[in-house]
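Here's the structure, in structure tokens; my notes come after.
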Amino acid sequence: MYALTLVQHLQVDAESMSQQLLERTHNSSKCSELPRRVPLEDHKRYALDVYRDLIDWFVTETDSLIEARYVKLGRLRAQQRVPFSHLFWAVCITRDLLSDYIQQECLIDDRWSFGVV
């Protein structure tokens, strides 16, 4: 039930969240190589795709398709010579943004936990 509610909210807000993700990664010194090495249009597309993929994952629960997509993305970023640490921090920013979103939308209770450190 909580996943369905989250999916409904993300369907409405995915574009604004992807814009926030783009801004946060571009403003983070820990991800500074992303805007230098990844074309802006690609970065915009992947920022939106991350939330669409999350929606798809909640609906279909198909780990293998999502895994294959992000392994391919990791390889692409390696070819673009984006340091792994910068990619790692972009993933952390994505996780934190999602956690903040869930809390702001009051979609969280004691049963939810993202293990945010």
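Read-outs throughout are calculated quantities, based only on the coordinates presented, and are distinct from any laboratory measurement. Quantities reported herein were computed from a predicted structural model and do not represent experimental measurements. Positions of Cβ are backbone-derived with ideal geometry, glycine not excepted, and every protein chain shown enters the neighbour counts.
Evaluating 6.51 cos²θ - 1.76 cosθ + 1.60 at θ = phi - 60° for every residue in the range 18-25, the Karplus couplings come out as 5, 5, 4, 4, 4, 5, 5, 5 Hz, glycine and proline recorded as x.
Once the other residues with Cβ under 14 Å from the Cβ of Val7 are scored (Lys, Arg +1; Asp, Glu -1), what is the net sum? Net of charged neighbours comes to -4. For the range 2-104, the equivalent ellipsoid built from the Cα gyration tensor has semi-axes of 23, 16, 11 Å, listed from largest to smallest.
The distance between label points at Arg37 and Tyr70 comes to 1.9 nm (points 7 Å beyond Cα on the Cα→Cβ vector). Taking other C-beta atoms within 10 angstrom as a stand-in for reagent exposure, Glu41, Glu33 fall in the order Glu41, Glu33, fewest first. Sorting Thr94, Thr25, Thr5 by the number of Cβ atoms found within 10 Å of their own Cβ, with the fewest placed first, yields Thr5, Thr94, Thr25.
What net charge do the residues around Asp49 carry, taking every other residue with its C-beta under 11 Å from that of Asp49, with Lys and Arg at +1 and Asp and Glu at -1? Could you put the intermediate results ahead of the total?
Working: positive: Lys44, Arg45, Arg52, Arg69; negative: Asp42, Asp53, Asp56.
Taking every Cβ under 11 Å from that of Asp49, the sum is +1.
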